[in-house]
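Beneath this line is the structure, given in structure tokens, with notes to follow.
The values are calculated or read from the model by the stated rules, or taken from the named source; none is laboratory data. These figures come from a predicted structure and were not determined experimentally. Here the Cβ is made from the backbone with ideal geometry for all residues, glycine too, and neighbour counts use every protein chain on show. Note: areas computed on protein heavy atoms with side chains; ligands, DNA, RNA excluded. Shrake-Rupley method; radii C 1.70, N 1.55, O 1.52, S 1.80 Å.
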Amino acid sequence: MTTAVRHSDSEVSFGFWLYLMSDAILFGLIFATFVVMSTNLAGGPGGTDLFSMTNLSMQTALLLTSSLTVALAHHAAMEERIGPALVWLALTFALGAGFLVLEVRELSGFVASGAGPNRSGYLSAFFTLLSTHGLHVSAGLIWIGTMMMQLLLKGPNSRVLSRLSRLTLFWHFLDIVWIGIFSVVYLPELF
Amino acid sequence: MTEDISPLLGRLGPDALPLYSWVAMGGAMVTVAGGLGFLAIVTWLGKWRELWSGWITSVDHKRIGIMYIVLALIMLIRGFVDAIMMRLQQALAMDGGGYLPPEHFEQIFSSHGTIMIFFMAMPFVTGLMNFAVPLQIGARDVAFPVMNSISFWLTAAGAGLVLVSLVIGKFSTAGWTGYPPYSGVQFTPGVGVDYWIWAVLVSGVGSTLTGINFVVTILRKRTTGMTLMHMPMFTWTALCSSILIVFAFPALTVVTAMLALDRTVGTHFFTNDGGGNVMNFMNLFWIWGHPEVYILILPAFGIFSEVVATFSSKRLFGYPSLVYATMVIAVLSFTVWLHHFFTMGAGANVNAIFGIATMVIAVPTGVKVFDWLFTMYRGRIRFEPPMLFTLGFMCLFVVGGMSGVLLAIPPINYATHNTTFLVAHFHNMIIPGALFGYVAGYMYWFPKAFGFRLDRNWGARAFWFWFTGFILAFMPLYVIGLMGMPRRMESYANPDWQPWLIIAFLGACLILLGIVSLGIQLWVSVRDRVRLAAEADDPWDGRTLEWSTSSPPPAWNYTELPIVSVRDSFHEAKLTGKPIPTAPLTASIHVPRNTAVGPVIGFAGFCVGFGVIWFIWWLAAVGLALVATTLIARSFADDTESEAFPGRGTGIS
Ligand code: HEM
Ligand SMILES: [Cu+2]
């Protein structure tokens, strides 16, 4: 029975890797579209006019820290220390939610100033790339909440732990995508 | 847009009903009557419980496979009705004759292409993979049975959206490729293109999940001794196809989502103004579209390989070369998407999928054809229906291949691009190349699924009608294509074309008889099932593992998992008289319990699509929330498997 469980666990993580690969291609294609459209301003504002360094650094700091906390949560859960695991997960949730709040504030500011997604091809691609990432983060938050419930109700059994390891992977993946956004979308405009 | 949008019903109003033409009205009525008729029959037979617990909520890969194939056959009929309507229109349409207004004709070729590719061919091939692959590799099920059910119901939801568009609103007029700027809101306001987008998006998610499922299943769930080079050829092609799905479908998701944003939110991805870039659509679409051809065709080649070996009573010739050829084709398919608009400008060129691609595919495909010929050489060939379809494929495919080479010659390409020559060419590749393979697979594995064979005579009749009908329906299109007839013509003024178009219509009528024969075959076989049940476990003197279990197999496929040491292990066992060794059962067998997760998510996917199409935002939100809560609730369920007791077994009955 234990071998069966471990066996199927490896199947699930293999499947999850495939999903991440497929998702990475999805992001890659949106990135490519963004790059192709990065000069299609149609007379609208460009990144230099819009982006704020403070906001960017705060968002980045929040998300990078959350990658650390989720790893700590996973580690604690593996050692069956449920209390710390829950605290780390809650912290990850808070950091992720903070990131989202900043993102929504930034994007709605752009919309309010007339630089919404229907202003230019450049802004369409920008908004789509950021909200695709943002939607992934939101899904991740729901997942974190679910995992906290499961840790509380079910304890750190093998299925919960294996899900937690995939959550960690997913969250790191979103971090990597963010680093891509940071360097492809923001950096060239800010420096 | 100046429409009124009500919070409750969005832009849905009484004008959505197809009152604009009697043809559309008739189509809507037939669709509604078909749906109601089905509900009535199930109620009358009192089969709701059986339908719910035996099929709708089933997570058994064999039943899901069968449901996929049923869906594909229904959509084949619907897609064919579209086709014969176009044939009739063009046969009559000299000097503005005919019975279809242009806008309606555009809807029909768009829905025909969309249905045939996304809701006939994809479900058919997925269904065959579902049914056969786990059996062929000696597995109890696929890696993720519940996800499998979700995939199916998302595909069904997409098909449902296309069917509903006939009754509520209209379908796209932008062709199956939905090229902008024509598919943008300025040129095509209204819900047509949105139906196309959401049908493709929702089912595309299902396909992606299928791809993941089968890569894991084939790479991780093979029985002891089933090394990669022991796998049956069909499983190999299913593996390559699944890998292509995982890598290619994100492009389809991205491109349709961006088009949806352009239309619904007002972004400028593919618009003419505001810094849009139409070329991006072509790029993204064909990054998916080119591999898609191989996703459809490779498994058909796998079926031909199985069928040729079985009915020639010989080992498949050149198995390793077939495996490598398949892998080469799969890898190449990602490198050549540019040719779709590169030589042809930015027009709507569906032809090109099958055009120059043929050149690239030619070498490994040639290898395959020779392998099949050598397999048959000096074999004892039995002309059962699956073999007939395979032989028919080999004859017709040569013509298709030659026309492909013709197309690759620039002056000819120039003269024929966007003509019916291309329509003939890609149908020539996909009907014999893919559809004949699926039909062969359906007749080949049918006895495994139900415990009795399909009637031989009606199978042969179906084949001859399809074969001759195909020739009559499509060879004339080569001729008038060379005479310069453009594709997608609702009416024309050149009297030289009409005789050929009438012949093509007669060909379509023969194909209709072929489809009717398939129906009669099913009817007759169910009626005579006792007689046809003889030797159903192994009706064809099969070679691969799936023929070693009972027909139908138990829910867990094999009570004791076989241990294989050679390719064609079942044939080897029959030859040496020693049964295939099995791993003794040490623990009880666990099978996943039925669950409503799949149908619920499919329903939710339908609501999301329908809600966004009609701007009924609350419905879309409810759909999304339903997906999320279903998945979360499912993750709390622990007791997802039940123990099975071989001997008292159940199977597909
Ligand atoms: C069964 C017999 C079939 C007949 C008689 C038929 C007939 C037709 C006709 C008349 C057209 C329109 C040609 C034009 O534009 O002038 C068409 C287009 C098309 N067909 Fe078929 N077809 C058949 C089967 C299939 C199958 C099996 C597939 C794919 C799996 C398919 C895929 C397409 C596609 C993609 C188009 C292009 C639609 C567009 O222009 O956007 N057809 N077919
Ligand atoms: Cu191609």
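Every condition in (1) in contact (Cβ under 8 Å) with a residue 24 or more places away in the chain; (2) within 12 Å of chain A (Cβ to nearest Cβ) holds for residue B:224 except the one numbered (2).
Tell me whether region B:555-562 contains one or more residues that are away from ligand 2 (no atom under 16 Å from the Cβ), open to solvent by 60 Å² or more (accessible area, probe 1.4 Å) and over 30 Å from residue B:476 (Cβ atoms).
Looking only at region B:555-562, we keep the residues that are away from ligand 2 (no atom under 16 Å from the Cβ), and these are B:555-562.
In the following step, the residues that additionally are open to solvent by 60 Å² or more (accessible area, probe 1.4 Å) were identified as B:560.
Now narrow it down to the ones that are over 30 Å from residue B:476 (Cβ atoms): B:560.
Yes, region B:555-562 contains at least one residue that is away from ligand 2 (no atom under 16 Å from the Cβ), open to solvent by 60 Å² or more (accessible area, probe 1.4 Å) and over 30 Å from residue B:476 (Cβ atoms).
Listed by position, the helices (runs of 4 or more DSSP H) enclosed by region A:1-94 that each have at least 3 residues that are at the interface with chain B (Cβ under 9 Å from one of its Cβ atoms) and either surrounded by fewer than 17 Cβ atoms within 10 Å (Cβ to Cβ) or in contact with a Cys (Cβ under 7 Å, 6 or more places away or on another chain) (or both) are A:2-37.
Conditions: (1) open to solvent by less than 20 Å² (accessible area, probe 1.4 Å); (2) of a type in the set (Val, Ile, Thr); (3) more than 14 Å from ligand 1 (Cβ to nearest atom). Residue B:177 meets all but one. Number of the miss? For residue B:177, the exception is condition (3).
Look at residue B:217 and say whether it is touching a Ser or Thr at 6+ places or on another chain (Cβ under 9 Å), open to solvent by less than 20 Å² (accessible area, probe 1.4 Å) and over 20 Å from residue B:437 (Cα atoms). Yes; evaluated as a whole, the condition is true for this residue.
Close contacts from region B:268-289, counting a first residue that is closer than 21 Å to residue A:42 by Cβ and more than 8 Å from chain A (Cβ to nearest Cβ) and a second that is crowded, with 24+ Cβ neighbours inside 10 Å and β-branched (Val, Ile, Thr), with Cβ to Cβ under 7 Å and a gap of 6+ residues or different chains, come to B:281/B:255. Of A:116, A:109, all but one fail to be more than 17 Å from the chain's Cα centre (by Cα) and surrounded by fewer than 16 Cβ atoms within 10 Å (Cβ to Cβ); the exception is A:109.
Here are some residues: B:405, B:367, B:399. Which one is open to solvent by 20 Å² or more (accessible area, probe 1.4 Å), part of a helix (DSSP H, G or I) and either farther than 27 Å from residue B:473 by Cα or among the basic types (Lys, Arg) (or both)?
B:367
Pairs meeting the criteria (first residue in region B:597-610 and closer than 23 Å to residue B:640 by Cα, second residue in a helix (DSSP H, G or I) and charged (D, E, K, R), beta carbons under 8 Å, at least 6 apart or on different chains) are B:597/B:634. A single member of B:124, B:109, B:152 is open to solvent by 20 Å² or more (accessible area, probe 1.4 Å), assigned to a helix (DSSP H, G or I), among the aromatic types (Phe, Trp, Tyr) and under 30 Å from residue B:304 (Cβ atoms), and it is B:109.
Filtering region A:105-128 to residues that are in a helix (DSSP H, G or I), small (Gly, Ala, Ser) and facing chain B (nearest Cβ under 9 Å) leaves A:121, A:124, A:125.
Give B:303, B:297, B:329, B:243 a once-over and let me know the one that is part of a helix (DSSP H, G or I), more than 14 Å from chain A (Cβ to nearest Cβ) and at pLDDT 95 or above. Result: B:303 is the single residue among B:303, B:297, B:329, B:243 that is part of a helix (DSSP H, G or I), more than 14 Å from chain A (Cβ to nearest Cβ) and at pLDDT 95 or above. For region B:582-618, a tally of residues being open to solvent by 30 Å² or more (accessible area, probe 1.4 Å) and assigned to a helix (DSSP H, G or I) returns 5.
Which of the following residues is within 16 Å of ligand 1 (Cβ to nearest atom), within 25 Å of residue B:123 (Cβ to Cβ) and open to solvent by less than 30 Å² (accessible area, probe 1.4 Å): B:65, B:54, B:79, B:27?
Values: B:65 fails: within 16 Å of ligand 1 (Cβ to nearest atom); B:54 fails: within 16 Å of ligand 1 (Cβ to nearest atom); B:27 fails: within 16 Å of ligand 1 (Cβ to nearest atom).
B:79 is the lone residue from the list that is within 16 Å of ligand 1 (Cβ to nearest atom), within 25 Å of residue B:123 (Cβ to Cβ) and open to solvent by less than 30 Å² (accessible area, probe 1.4 Å).
Among the residues in region B:450-464, are any modelled with pLDDT of 95 or more and within 13 Å of ligand 1 (Cβ to nearest atom)? Looking for residues that are modelled with pLDDT of 95 or more and within 13 Å of ligand 1 (Cβ to nearest atom), one finds at least one in region B:450-464, hence yes. So which residues in region B:429-474 are surrounded by 24 or more Cβ atoms within 10 Å (Cβ to Cβ) and either within 16 Å of ligand 2 (Cβ to nearest atom) or within 14 Å of chain A (Cβ to nearest Cβ) (or both)? Those that are surrounded by 24 or more Cβ atoms within 10 Å (Cβ to Cβ) and either within 16 Å of ligand 2 (Cβ to nearest atom) or within 14 Å of chain A (Cβ to nearest Cβ) (or both): B:429, B:433, B:434.
Against the condition within 14 Å of chain B (Cβ to nearest Cβ) and of a type in the set (A, V, I, L, M, F, W, C), how does residue A:142 come out, does it pass? In short, yes.
Checked against the criterion of being closer than 21 Å to residue B:149 by Cα, assigned to a helix (DSSP H, G or I) and of a type in the set (A, V, I, L, M), the candidates B:625, B:573 yield just one match: B:625.
If I ask for residues that are of a type in the set (Val, Ile, Thr) and at the interface with chain A (Cβ under 7 Å from one of its Cβ atoms), which ones from region B:250-267 would you list?
First pass over region B:250-267, keeping only residues of a type in the set (Val, Ile, Thr): B:253-256, B:264-265, B:267.
Selection gives B:253, B:254, B:265, B:267.
Pairing residues of region B:96-124 that are in contact (Cβ under 8 Å) with a residue 40 or more places away in the chain and at positive phi with residues that are open to solvent by 30 Å² or more (accessible area, probe 1.4 Å) and of a type in the set (D, E, K, R), at Cβ distances under 8 Å and at least 6 apart in sequence or on separate chains, gives B:98/B:490.
Against the list (1) under 26 Å from the mean Cα position of the chain (by Cα); (2) at pLDDT below 95; (3) not in a loop (DSSP other than H, G, I, E, B), the condition residue B:488 fails is (3).
Suppose the filter is away from ligand 2 (no atom under 16 Å from the Cβ), open to solvent by less than 20 Å² (accessible area, probe 1.4 Å), more than 18 Å from residue B:27 (Cα to Cα) and in the same structural domain as residue B:252 (by TED's automatic domain parsing); does residue B:190 pass it? Quick ask: steps written out before the conclusion?
Working: away from ligand 2 (no atom under 16 Å from the Cβ): yes; open to solvent by less than 20 Å² (accessible area, probe 1.4 Å): no; more than 18 Å from residue B:27 (Cα to Cα): yes; in the same structural domain as residue B:252 (by TED's automatic domain parsing): yes.
No.
Checking the structure you have, find out if any residue of region B:256-265 is of a type in the set (Asp, Glu), within 16 Å of ligand 1 (Cβ to nearest atom), assigned to a helix (DSSP H, G or I) and buried (at least 22 other Cβ atoms within 10 Å of the Cβ). No: zero hits.
The residue pairs whose first member lies in region B:549-563 and is assigned to a strand (DSSP E or B), whose second member is modelled with pLDDT of 95 or more and among the hydrophobic types (A, V, I, L, M, F, W, C), and whose beta carbons are closer than 7 Å, counting only pairs six or more residues apart or on different chains, are B:562/B:545.
The lone criterion from (1) without any contact (Cβ under 8 Å) to a residue 60 or more places away in the chain; (2) in contact with a Ser or Thr (Cβ under 7 Å, 6 or more places away or on another chain) left unmet by residue A:93 is number (2).
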